[in-house]
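Here the structure is laid out as structure tokens; the discussion comes afterwards.
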Amino acid sequence: MDLQEMLDRAGTGTLHVEEGWGQGRATYGGLVAGLALAALRAELPDAPPLRHLMVSFVAPLAPGSARAEVTTLRRGKNATQAQAHVVQDGQVVAAVLAAFGRERASTISVPHESGAMPTLPEPETIEPFPHVPGASPDFFQHVEMRLADGGFPYTGVDTSHLHGFMRFREAPPVFDERHFVSLADAWPPAVIQMLSQPAPGSSLTWSLEITDDVAAEPDTHWAYAVRTDRAEGGYAHTDARIWHPDGRLVAISRQTVAVFG
């Protein structure tokens with residue numbers, strides 16, 4: 001079952017996680033969020049565009065069957081808010097809050113001056129992260145990341161930022177909110193480049209703010225930049241930006257990451 005089939009099936013509320021999407025002992029967090037969003041969208045087909053997604057990774061989601069329990073919290077004229085719990089073996093493994101909102105007429109316009117896309121080389125000039133079975137996360141076989149600035153994981157460097165591009169290795173037939181959410185969490189925690197050897201680490205929470213239309217050609221290279229605001233006591237707090245190739249800032253991504261090393 002490929003990504004599109006998993007997303008389509010999630011629309012029924014019954015989830016299936018295919019083998020090969022692992023990240024340590026858990027399923028890759030972007031896929032977890034994408035499946036939850038697919039279930040939310042199926043329950044709310046007329047909801048306006050996604051504006052914000054808040055994900056709490058409660059426990060590891062294993063390959064196999066799970067279900068999504070969707071609750072509509074409020075459906076207003078312009079905004080709709082809902083939640084989805086991903087449940088496996090009777091336990092909530094992820095809790096997702098989503099806010100959908102229609103565009104409104106407003107005299108306020110603030111350009112994203114502090115979020116301008118960094119100058120990056122052409123994506124095709126950068127070799128993508130390799131997928132090394134048994135060494136790199138399983139889901140790297142599905143997601144292509146090209147590092148333009150920053151360090152590779154576990155190389156013991158002093159930097160704690162990453163710049164680069166991402167897309168799916170096999171382009172899906174279409175690319176919409178569900179695919180964008182499934183892709184946006186792909187990059188490894190920025191701080192693990194500072195470690196000299198592998199150590200466990202995982203996202204505790206993930207907040208994704210959608211600032212512009214994310215529908216695109218399925219093979220689009222999305223530009224990505226993340227910085228670490230602070231890391232102390234085994235937790236790192238990161239702030240990321242994602243751009244369409246035309247320079248539009250389309251998303252702001254924030255994470256709290258637990259690092260055991």
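The values are calculated or read from the model by the stated rules, or taken from the named source; none is laboratory data. Quick caveat: nothing in here was measured; it's all calculated off a predicted structure. What goes into the accessible areas is simple: the full protein's heavy atoms, side chains included, and nothing from ligands, DNA or RNA. Shrake-Rupley method; radii C 1.70, N 1.55, O 1.52, S 1.80 Å.
Annotations
- For the chain, adding -39500 (n - 2.57) for each run of n ≥ 4 DSSP H residues and dividing by the number of residues yields -3500 deg cm²/dmol at 222 nm.
- Built amide H within the under 5 Å cut-off of ARG51, gap 5+: ALA99, PHE100, GLY101
- Per residue accessible area of the chain, 1.4 Å probe, in Å²: 48 Å²
- Max mean-square fluctuation residue, GNM over the chain, Cα-Cα springs under 10 Å, options ASP229, ASP239, ASP138: ASP229
- Here the chain exposes an accessible surface that is 50 percent carbon and sulfur, computed with a 1.4 Å probe and the other protein chains kept in place.
- Between VAL58 and ALA94, ALA95, the built amide H atoms are under 5 Å apart, and every one of these is 5 or more places off in sequence or on another chain.
- Within the listed set ALA223, ALA215, ALA186, the Gaussian network model of the chain (springs between alpha-carbon atoms below 10 Å) gives the highest mean-square fluctuation for ALA215.
- For the stretch 196-211, backbone phi angles converted through the Karplus equation (6.51, -1.76, 1.60; θ = phi - 60°) give residue-by-residue couplings of 8, 8, x, 8, x, x, 7, 6, 8, 9, 9, 10, 10, 9, 8, 9 Hz, Gly and Pro being listed as x.
- Gyration tensor (alpha-carbon) shape descriptor, the stretch 113-181, a/c threshold 1.5: oblate
- Of GLY101, GLY234, GLY134, the one that fluctuates the most in a GNM where the chain has Cα springs shorter than 10 Å: GLY134
- Net lengthening on full extension, ALA105/ALA171 (0.36 nm per residue, minus Cα-Cα): 20.3 nm
- Answer label for Cα extents along the principal axes in Å (calculated), chosen among (1) 63, 37, 35; (2) 53, 44, 37; (3) 50, 49, 38: (3)
- Amide H contacts under 5 Å for VAL250: ILE242, TRP243, HIS244, restricted to partners 5 or more places along the chain or on a different chain, H placed in the peptide plane at 1.01 Å from N.
- In the complete set of protein chains, residue-level accessible area for VAL87 is approximately 10 Å², probe 1.4 angstrom.
- A full extension of the chain between GLN197 and ALA79 corresponds to an added length of 37.9 nm, given 0.36 nm per residue minus the alpha carbon distance.
- Cα-based shape type of the stretch 191-261, given that a ≥ b ≥ c are square roots of the gyration tensor eigenvalues and the cut on a/c is 1.5: prolate
- Residue-wise HN-Hα couplings along the stretch 152-160, as the Karplus relation 6.51 cos²θ - 1.76 cosθ + 1.60 with θ = phi - 60° gives them from phi, are 6, x, 6, 9, x, 7, 8, 7, 9 Hz; Gly and Pro carry x.
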